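Participant: I have a structure I would like to understand better, so I am pasting it below and will then ask my questions one at a time.
The values are calculated or read from the model by the stated rules, or taken from the named source; none is laboratory data. These numbers were taken from a predicted model, which means no experiment stands behind them. Counting neighbours? That spans all protein chains shown, and the Cβs are built from the backbone with ideal geometry, glycine included. Heads up: the accessible areas ignore ligands, DNA and RNA and are worked out on the full protein's heavy atoms, side chains in. Shrake-Rupley method; radii C 1.70, N 1.55, O 1.52, S 1.80 Å.
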Amino acid sequence: MKIKLKKILKELNTTGYSKIEKLISEKNVLKIKKILKKHKKNTAKNKKFHGNAHLVFNLNNKDNFFYNIIFYKKILKICSQYFKFGAYKTDKNIFQFDHMHARTLIGKSKSQNLHIDSRLCGVSPPTSIHFFIYLDPASKLNGATTFVKGSQMIKRFPENKDKKKATSVNCNAGDAIVLNSSVWHGSGEKKSPGERTIITLAYTRWFISQQFAIPYSLKNKNKFTKEQKYLLGFYNYPPKNEKQRQTRRGSLPRY
């Protein structure tokens with residue numbers, strides 16, 4: 001599948017999101033679902049947005065297969081162009097991996113309120129980007145993701161009255177939606193009895209702290225290339241003090 005990079009970037013700038021069909025193959029969708037099934041007992045219930053949403057955090061720590069998605073060239077190609085806006089012209093390695101989680105809705109669920117994932121409304125240049133990768137079909141019947149077009153440029157957080165402006169986006173298993181993390185989004189009510197699982201994959205500008213200290217949790221650090229280490233945040237952690245290092249970026253500090 002060849003991504004339409006110009007179209008995706010244009011939609012990210014205008015509507016705030018773009019749908020990518022068949023980003024992940026059917027084979028890999030089944031493989032991911034099989035891995036998640038092994039970790040079903042270790043899921044955390046999230047009642048903040050849904051009454052019975054189950055989450056598996058930090059997927060890269062659960063199975064090395066997920067690094068194939070983190071380093072997926074088509075995803076990184078989008079990120080490199082997306083983060084170029086606002087970055088210093090000679091700067092390299094301008095973004096990093098932030099987190100990768102799975103969320104499964106089991107049975108019927110309430111709708112999810114409109115919110116943003118960047119913690120900064122109407123921010124430009126954008127600070128982060130999210131990919132929602134669907135492992136099951138998403139439609140109005142089973143709680144498809146909803147968006148308010150162009151809301152990534154609005155300098156306030158969404159309110160209940162904004163729900164009427166939201167547009168529902170249907171997806172098939174293997175499809176993905178890439179979004180400016182400041183765009184208002186939520187999901188519709190899930191009326192079907194089965195499961196719906198999505199993977200949330202996020203990247204940020206290199207100087208924004210990761211949700212988890214990824215480099216410190218890796219057992220085999222030598223298997224990654226230097227470029228991959230930059231992406232995982234190895235060189236982006238501040239030193240303990242000026243005796244360790246004086247520059248903003250450098251080798252991973254020992255604490």
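Participant: Within the stretch 158-172, can one find any residue that is among the small types (Gly, Ala, Ser), open to solvent by 10 Å² or more (accessible area, probe 1.4 Å) and assigned to a strand (DSSP E or B)?
Facilitator: So the first thing to find is which residues in the stretch 158-172 are among the small types (Gly, Ala, Ser), and the list is 166, 168.
After this cut, where a residue has to be open to solvent by 10 Å² or more (accessible area, probe 1.4 Å) as well, the list is 166, 168.
Subsequent filtering for residues that are assigned to a strand (DSSP E or B) retains 168.
Yes, some residue in the stretch 158-172 is among the small types (Gly, Ala, Ser), open to solvent by 10 Å² or more (accessible area, probe 1.4 Å) and assigned to a strand (DSSP E or B).
Participant: Does at least one position in the stretch 13-23 carry a residue that is at pLDDT 95 or above and within 13 Å of residue 102 (Cα to Cα)?
Facilitator: Start the filter on the stretch 13-23 by keeping residues that are at pLDDT 95 or above, which leaves 13-23.
Within this subset, residues satisfying the condition of being within 13 Å of residue 102 (Cα to Cα) are none.
No, because not a single residue in the stretch 13-23 is at pLDDT 95 or above and within 13 Å of residue 102 (Cα to Cα).
Participant: Which one is nearest to residue 74 (Cα to Cα) among residues in the stretch 177-208 that are part of a loop (DSSP other than H, G, I, E, B) and in contact with a Pro (Cβ under 9 Å, 6 or more places away or on another chain)?
Facilitator: In the first step, residues of the stretch 177-208 are kept if they are part of a loop (DSSP other than H, G, I, E, B); the result is 181-184, 188-189, 191-194, 206-208.
Those still in the list that are in contact with a Pro (Cβ under 9 Å, 6 or more places away or on another chain) too: 181-182, 184.
Details: 181: 19, 182: 22, 184: 25 Å.
Per the criteria, the residue is 181.
Participant: Ok, one more. Would you check if there is a residue in the stretch 135-143 being of a type in the set (Asp, Glu), over 15 Å from the mean Cα position of the chain (by Cα), assigned to a loop (DSSP other than H, G, I, E, B) and within 24 Å of residue 217 (Cα to Cα)?
Facilitator: Start the filter on the stretch 135-143 by keeping residues that are of a type in the set (Asp, Glu), which leaves 136.
Applying the additional criterion that residues be over 15 Å from the mean Cα position of the chain (by Cα) yields 136.
Filter once more, keeping what is assigned to a loop (DSSP other than H, G, I, E, B): 136.
Keeping just the survivors that are within 24 Å of residue 217 (Cα to Cα) gives none.
Within the stretch 135-143 (the criterion being of a type in the set (Asp, Glu), over 15 Å from the mean Cα position of the chain (by Cα), assigned to a loop (DSSP other than H, G, I, E, B) and within 24 Å of residue 217 (Cα to Cα)), the answer is no, since none of the residues qualifies.
Participant: Between a residue in the stretch 79-100 that is under 15 Å from residue 232 (Cβ atoms) and part of a strand (DSSP E or B) and any residue that is open to solvent by 60 Å² or more (accessible area, probe 1.4 Å) and among the hydrophobic types (A, V, I, L, M, F, W, C), which pairs come within a Cβ distance under 8 Å, given they are 6 or more apart or on different chains?
Facilitator: 99/57; 99/212
Participant: Next up: Any chance the stretch 183-206 includes a residue that's open to solvent by 60 Å² or more (accessible area, probe 1.4 Å), out of contact with any helix residue (DSSP H, G or I) (no Cβ under 9 Å at 6 or more places or on another chain) and free of Cβ contacts under 8 Å to residues at least 60 places away in the same chain? Give the derivation first.
Facilitator: We begin by selecting, within the stretch 183-206, every residue open to solvent by 60 Å² or more (accessible area, probe 1.4 Å); these are 189, 191, 193, 195.
Within this subset, residues satisfying the condition of being out of contact with any helix residue (DSSP H, G or I) (no Cβ under 9 Å at 6 or more places or on another chain) are 189, 191, 193, 195.
Narrowing the set further to residues that are free of Cβ contacts under 8 Å to residues at least 60 places away in the same chain leaves none.
Taking every residue of the stretch 183-206 in turn, none turns out to be open to solvent by 60 Å² or more (accessible area, probe 1.4 Å), out of contact with any helix residue (DSSP H, G or I) (no Cβ under 9 Å at 6 or more places or on another chain) and free of Cβ contacts under 8 Å to residues at least 60 places away in the same chain.
Participant: If you scan the stretch 237-255, which residues turn out to be in contact with a Gly (Cβ under 9 Å, 6 or more places away or on another chain) and either surrounded by 15 or more Cβ atoms within 10 Å (Cβ to Cβ) or basic (Lys, Arg) (or both)?
Facilitator: 237, 239, 252
Participant: On the basis of being open to solvent by 20 Å² or more (accessible area, probe 1.4 Å) and either assigned to a loop (DSSP other than H, G, I, E, B) or under 23 Å from residue 99 (Cα atoms) (or both), does residue 149 make the cut? Steps first, please.
Facilitator: Working: open to solvent by 20 Å² or more (accessible area, probe 1.4 Å): yes; either assigned to a loop (DSSP other than H, G, I, E, B) or under 23 Å from residue 99 (Cα atoms) (or both): yes.
Against the criterion (open to solvent by 20 Å² or more (accessible area, probe 1.4 Å) and either assigned to a loop (DSSP other than H, G, I, E, B) or under 23 Å from residue 99 (Cα atoms) (or both)), residue 149 qualifies.
Participant: From 128, 151, which residue is touching a Gly at 6+ places or on another chain (Cβ under 7 Å) and touching a residue at least 60 places away in the same chain (Cβ under 8 Å)?
Facilitator: On the way: 128 fails: touching a Gly at 6+ places or on another chain (Cβ under 7 Å).
Step by step, each of 128, 151 is checked, and only 151 is touching a Gly at 6+ places or on another chain (Cβ under 7 Å) and touching a residue at least 60 places away in the same chain (Cβ under 8 Å).
Participant: Turning to a different aspect of this structure: Give the residues of the stretch 1-11 that are within 14 Å of residue 75 (Cα to Cα) and either open to solvent by less than 50 Å² (accessible area, probe 1.4 Å) or of a type outside the set (Lys, Arg) (or both), sorted by residue number.
Facilitator: 1, 3, 5, 8, 9
Participant: Let me ask something else. Restricting to the stretch 217-230, give me the number of residues that are at pLDDT 95 or above, within 21 Å of residue 255 (Cα to Cα) and either of a type in the set (A, V, I, L, M) or open to solvent by 70 Å² or more (accessible area, probe 1.4 Å) (or both).
Facilitator: Of the residues in the stretch 217-230, the ones at pLDDT 95 or above are 224-230.
Applying the additional criterion that residues be within 21 Å of residue 255 (Cα to Cα) yields 229-230.
Filter again for either of a type in the set (A, V, I, L, M) or open to solvent by 70 Å² or more (accessible area, probe 1.4 Å) (or both), leaving none.
Within the stretch 217-230, residues that are at pLDDT 95 or above, within 21 Å of residue 255 (Cα to Cα) and either of a type in the set (A, V, I, L, M) or open to solvent by 70 Å² or more (accessible area, probe 1.4 Å) (or both) number 0.
Participant: With the requirement that a residue be small (Gly, Ala, Ser), exposed (fewer than 13 other Cβ atoms within 10 Å of the Cβ) and either part of a helix (DSSP H, G or I) or touching a strand residue (DSSP E or B) at 6+ places or on another chain (Cβ under 8 Å) (or both), what does the stretch 12-38 give you? Working first, answer last.
Facilitator: The initial filter retains those residues of the stretch 12-38 that are small (Gly, Ala, Ser), namely 16, 18, 25.
Subsequent filtering for residues that are exposed (fewer than 13 other Cβ atoms within 10 Å of the Cβ) retains 25.
Correct list: empty.
Participant: Just one of (1) of a type in the set (S, T, N, Q); (2) buried (at least 21 other Cβ atoms within 10 Å of the Cβ); (3) in a strand (DSSP E or B) trips up residue 118, so point out which.
Facilitator: Here residue 118 clears every test but (3).
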